[in-house]
Amino acid sequence: MTVSSRRTRFRVEGMDCASCAAKIDTAVRRMPSVADVKVSVVAGTMTVEHDDSLDVAAISRKVSGLGYKTVPAGNAQSPADEQAKAAQGCTGDHAHEHGARHGTEEPTSHSGSSRNSSRAEKSDGLEGLHGHDHASQDGPWWATSKARLTIACGAALAIAFVAAKLFPQTQPWGFIIAMAIGLIPIARRALAGATNGSPFTIETLMTIAAVGAVVIDAAEEAAVVVVLFLVGELLEGIATGRARASIRALATLMPKTALVERDGATETMAAESLGVDMVVLARPGDRIPADGVVVSGESAVDEAPITGESVPKRKEPGDVVFAGTINQEGVLRVRVTAAAADNTISRIIALVEEAQETKAPTERFIDRFAKYYTPGVMVVAALIAILPPLFTGADWETWIYRGLAALLIGCPCALVISTPAAIAAALSAGARRGLLMKGGAILENLGKVDSVAFDKTGTLTEGKPKVTDIIAIDRTEHEVLRLAAALEAGSSHPLATAILAKADDEKVAVTAASDAGAVGGKGVVGTVDGVKLFLASPRAASEKVVLDETLSARIAALNDEGKTVSVLLVADTVAGLIAMRDEPREDARAGIAALRDLGAETIMLTGDNRRTAKAIASTLGMEARAELMPQDKQKIVGELRKAGRFVAKVGDGINDAPALAAADIGIAMGGGTDVALETADAAVLHGRVIDVANMVTLSRLTMRNIFQNITISLGLKAVFLVTTVLGVTGLWPAILADTGATVLVTANAMRLLGWKGISAS
């Protein structure tokens, strides 16, 4: 009988380095019935896949035994259940499933008791008493138990120095006591790691080095080394906390309450309780409490917290608004389209955290390298300490001292954190600009892109036609627009919507035509001011009246520009022409140019007609392939890959699915919809073409940052290893080489959090 598999996600408080994550991963992975473990340092999460025979509380106890505090982020989930939910195909169910997938609570009979027992689980006495302090770092850094331990150890060292000057007989005991304050919890941590499958940790190396220093009568240096180690870990924890807070800060954008309309009255309720199709009021100055569509009202909305755009956007009925954005002027009535667990902010946070749990290829390589590197360091340090005295008769104490220093220099902390710190910072920085990349591997590979294939409609263009030209023939432009709008009043056809929008922009008063109706495949008819009107295609119009050569040439020229032309007939006279086109996005030209500057070729793949495709493509300065079926797009992408190109396909995530799957990287362009978030390898949430170039740029910056981090880490180790063997430097510089490198690497990675991206202007 097949044992069902479940997935449980935990918040793990206090992880601040790759060593922490490795110990947790190793310990939990060794538990029976555990199939897979994913640990994210920056997200502070652990996802465990296990079968029903394993009590979730047992996982909490195991992690608590290592000195960490675990809090379930959601209930146990069955992957099979998730897939079944995804297959339901209902938008509401799909959104609900999406929230459950990423750790929001979904009631199941399986995990209620497990969750309660996990919450009640207490960590052992080790918590807050060791070098890698794993208590929560909420609040100011100086109030954490890690900071208290560092301060206590530092104060004890200062007292030991003063006592040694005033009372020399206190040496070396004052320094041994000062060292013990910090080292005892570190040693207990090393023991806990060793008994759970991680014998070669930084705590192990530190314990051996500090105890060895005391044995060879270097207690003063041992105490300083321990304090420096704690200071380095404290700084590392602060930097990691900053990265974690950078993305979780999005959650603070959500208002706590919402003003809801019910039965003609308004009432205040918790924003997290809002349901789909509820109507909420957003007053001037309010943060909009949910994703939704404006039902009534007009206002400027500041979307900078979500999109990074400094200019407020005008919102009218029918426009989409995001949770957490700020209403600036008028009152808006908004129909809720997503519950709190499924709104844009919640999904951004969930997807980024999920991405951070997926290791990049470079990170996986470094982890494998570190697995052999750390025991290798211990062997090299032992050889440095033993071989010279044995074969050359050198002083044992001198070479043991140098071996201990080499042990500290070889600590892999900076090396191991070099990649995940940069990846996490980049994922967070990207998410704050609406760029979602589903894992470190995607982030790394985006930098390799040298060909980008774009869909046209809804990707390079807005996806809705706009009136581009009004050409007066027998009536004025104002009159042509007024009469055309009168015929289209009340229609929801895309071309009608474009004409009515133009009339609204031009402040044209519109009175609906009488006897209005559609003529199948030809146009619309109606009567205004007692005169019969016909808004028709050029072919249909030519059946009613003769279009002279000049007019026909004018229409052909507009068609060559990719525009759809409608002819307005008043009685039997051509009153004028109205041309419409699905216009390129405002930043499309800048986005294509930015990709070209990055060395990436661009191509448009569209099912639209050749004339329109050519017109749009020439406007943007790119190649176009038109009148394509989905399988044709897939074939072209495959041909590009066979030609040695690294291809990214950008589409709307729906009808481009085959081509998205065929590309090296699939990028969904969308406005925060489920499809845009769930389809492909990455998603551009805010529909900016320039953001495709931003993704490539961010990837390349991240890889450059990782290279810098690895160079800093290994370079400092190499320099100090040589100087230590030569006797130029000792224990203090050794620990500074390790801790200093760790702080430098982390700080360098955190620079990515300040990345602003390429501007379209």
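The values are calculated or read from the model by the stated rules, or taken from the named source; none is laboratory data. Keep in mind that what you see is a predicted model, and the values were worked out from it rather than measured. Methodologically, a virtual Cβ is constructed for each residue, glycine included, from the backbone with ideal geometry; neighbour enumeration extends over all protein chains shown. With ligands, DNA and RNA removed, areas are computed over all heavy atoms of the protein, side chains included. Shrake-Rupley method; radii C 1.70, N 1.55, O 1.52, S 1.80 Å.
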*List the lysines whose Cα lies under 30 Å from the Cα of Lys165, skipping any in the same chain that are fewer than 8 positions away.*
Lys146
_Most to least accessible of Val320, Val71 (protein chains only, probe 1.4 Å)_ = Val320, Val71
*asked:* Run the reach check for Lys642 against lysines, Cα to Cα strictly under 19 Å, same-chain hits fewer than 8 apart removed. What comes back?
replied: Lys448, Lys633
_I need the shape label for the stretch 508-590. Rule: rounded when a/c is under 1.5, else prolate if a/b > b/c, else oblate, with a, b, c from the alpha carbon gyration tensor._
oblate
*So what does Met629 come to for accessible area, using a 1.4 Å probe and Å² rounded to 10?*
110
*Given a 1.4 Å probe and the protein chains all in place, what does the accessible area of Glu623 round to, in Å² to the nearest 10?*
100
_When the convex hull of its Cα atoms is projected in every direction, mean area for the stretch 443-523 (nm²)_ = 8.9
*Sorted from largest down, give the three principal axis spans of the alpha carbons of the stretch 552-708, whole angstrom values.*
73, 31, 29
*Relative contact order, percent, of the stretch 493-544 when contacts are C-alpha pairs under 8 Å separated by at least 6 residues?*
20
*Rounded to a whole number of µm²/s, how large is the Stokes-Einstein D of the stretch 680-761 at 25 °C and 0.890 mPa s, given Rh as the Kirkwood radius over C-alpha pairs?*
161
*Of Phe229, Phe707, which has the most accessible area with a 1.4 Å probe, and how do the rest follow in descending order?*
Phe707, Phe229
*Rank-order 58-68, 471-481 by packing density, defined as the average count of other C-beta atoms within 10 Å over each peptide's residues, highest first.*
58-68, 471-481
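For the stretch 487-635, what is the relative contact order in percent, using Cα pairs closer than 8 Å and at least 6 residues apart in sequence? Could the numbers behind the result be given before it?
On the way: 205 pairs, mean separation 22.2, N = 149.
Averaging sequence separation for qualifying contacts and normalising by length gives 15 percent for the stretch 487-635.
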